[in-house]
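Quick note: the coordinates plus some simple rules give every number you see, no bench work behind them. Bear in mind the structure is a predicted one, so any value in this text is a computation, not a measurement. Neighbour counts run over all protein chains shown; Cβ positions are idealised from the backbone, glycine included.
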Amino acid sequence: MKILVINAGSSSLKYQLIDLEDAEHFSVLATGLVEKIGEPVGCITHKTFPGGVERKIEEQEPLPTHADGMKRVVALLTDEQDGVIRDVNEIAGVGHRVLNCGEEYSDTVEATAAVKDAIRRYFPLGPLHNPANLMGIEESEKVFPHARQVAVFDTAFHQTMPPKAFMYAVPRQWYTQYHLRKYGFHGTSHKFITGAAARYLGKPVDQTNIISIHLGNGCSMAAVRGGKCVDTTMGVTPLEGLMMGTRSGDIDPAAIEYIMDQTGMDIHQMLHALNKESGLKGICGVNDMREVVDKSAQGDELAELALQMFTYRVQKTIGAYMAAVPNLDALVFTAGIGQNSFPIRKRVCTGIEHLGVTLDEAKNLVRTDAPHEIQADGAPLKILVIPTNEELQIALETKAVIEGNQP
Ligand code: ADP
């Protein structure tokens, strides 16, 4: 079944066309990124894989709206010479990544009028993403009228958290009236990792207990007990929790007023600083983990401090989530840093041997796209590295909705 996965941002559109049977039998037909929608010149990068070899097409042209971007994507997908499908009607479903739907949906659902209304109601809780996500669905309905449109929420996997984990200790009315609570994000990735870890461990998902550690530009962890999320680090927005590339993660909320008073910043400037100028970048000036590691190796003290801070928060959260997940099967590292950065995995796993975490240094250096384990022989706890695949998870869930099986 051919499923198109769409992640619509405010000025961008990421897509992937996948032909899939199940989590282990699929092929990616095309991937692409449309950027700078609404700017004088937009860009499209479109990749196909004829005979297993990557073929890249790059285009630059004005793309005033998402609709224009979407039309170009259709033209590229169906191109007579280089297209991967003959007709848009070959696409059975379009799976849309949607940031937040509050507590209204805890599963992937068809993007009906009611679902679109709910996405709209949650605009205030996802002001940058939800409007773009909704626009993606509405444009896709026009361009792919025969395909089923499905919404996959980044918060859904975390809806199993108990109130003791998702409530903030603030006046209760903030929750009852304004829906303020921890929602958590990266849910699609943590869910994929849970399924992949269960397959790797040879256990039913509902008996799988892991701590999922997603370290990319955005970073989050999830405590997964019996296949279900019982706690996660991100909050009502993706700003809470771990230190990230440019996001602060946890900070005393009273610090905000103090610094605003000292600097004269307004709240928008403050949130910009916490989202875009903090994290690794705030401490050492760069947010790409490869650069931070290189700078530290060259003796840069601030880069070293940034690495220590980044690592320590992950370690503390491993400790916390061990309290939340009895009979833990494994720690699982994923995403750009988790999958690729040997030094960061080593730092995270060093000094917490008393928690049963012992790394095998040679296994940690193995680079493979297959799930693999990197703990020392005889260590009490497995440490896994599993590449995440959010697009595949969205495609799988979209297929399940189309076939009438809830994922
Ligand atoms: P996003 O959250 O944007 O999806 P990614 O999961 O792609 O982010 O992760 C981006 C991060 O992964 C960057 O900090 C980058 O430095 C890091 N990264 C990517 N590849 C490597 C690598 N080979 N070694 C170390 N870090 C890497």
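Observations on the structure shown:
- The range 324-378: translational diffusion in µm²/s, Stokes-Einstein, Kirkwood Rh over Cα pairs, 4 °C, 1.567 mPa s: 108
- Amide H within-cut-off set for residue 300, under 5 Å, with H built and near neighbours excluded: none
- Kirkwood-Stokes translational diffusion coefficient of the range 41-191, alpha-carbon pairs, 10 °C, 1.306 mPa s, µm²/s: 90
- Estimated FRET transfer efficiency (residue 173, residue 10; beta-carbon r; R0 25 Å; 0.05): 0.20
- Rounded to whole Hz, the Karplus (6.51, -1.76, 1.60) HN-Hα couplings of the range 20-33, x for glycine and proline: 9, 9, 8, 4, 10, 10, 7, 9, 8, 7, 7, 9, x, 9
- Remark on residue 180: its backbone amide H falls under 5 Å from those of 175, a criterion applied only to residues 5 or more positions apart or on other chains, H modelled at 1.01 Å from N.
- Ordered by the count of other Cβ atoms within 10 Å of each Cβ, fewest first, 388, 350, 208 give 350, 208, 388.
- Hz values of 3J(HN,Hα) by residue in the range 191-202 - Karplus curve (6.51, -1.76, 1.60), Gly and Pro given as x: 5, 4, 5, 4, x, 5, 5, 4, 4, 4, 7, x
- Cα-based Kirkwood hydrodynamic radius, the range 267-318, one decimal, Å: 11.5
- Among residues other than residue 83 with Cβ under 12 Å from its Cβ, the summed charge is -3 (Lys and Arg +1, Asp and Glu -1).
- Distant-in-sequence amide H partners of residue 277 (H built 1.01 Å from N, under 5 Å): none
- Dipole orientation for the range 80-166: of the candidates 134, 91, 163, 163 has the Cα lying most toward the positive pole (charges on Cβ; Lys, Arg +1; Asp, Glu -1).
- Shape call, the range 206-359: gyration tensor on alpha carbons, a/c limit 1.5: oblate
- Neighbour-count ranking [beta-carbon atoms within 10 angstrom, fewest first] of 259, 210: 259, 210
- Modelled spin labels at residue 342 and residue 142, positioned 7 Å past Cα toward Cβ, are 5.1 nm from each other.
- Largest first and in whole Å, the equivalent-ellipsoid semi-axes of the range 79-133 read 30, 13, 8, each the square root of five times a Cα gyration tensor eigenvalue.
- Along the range 265-275 the Karplus relation, 6.51 cos²θ - 1.76 cosθ + 1.60 evaluated at θ = phi - 60°, assigns HN-Hα couplings of 5, 8, 5, 5, 5, 5, 5, 4, 4, 6, 8 Hz to successive residues, with x for each Gly and Pro.
- 10 Å binning of all Cα-Cα separations within the range 343-407, expressed as whole percents from 0 upward: 20, 35, 19, 19, 7
- The Cα-based radius of gyration and maximum Cα-Cα distance (Dmax) for the range 282-407 are 17.1, 57 Å.
- Computed from the Cα positions only, the extents of the chain along the three principal axes stand at 59, 54, 45 Å, in decreasing order.
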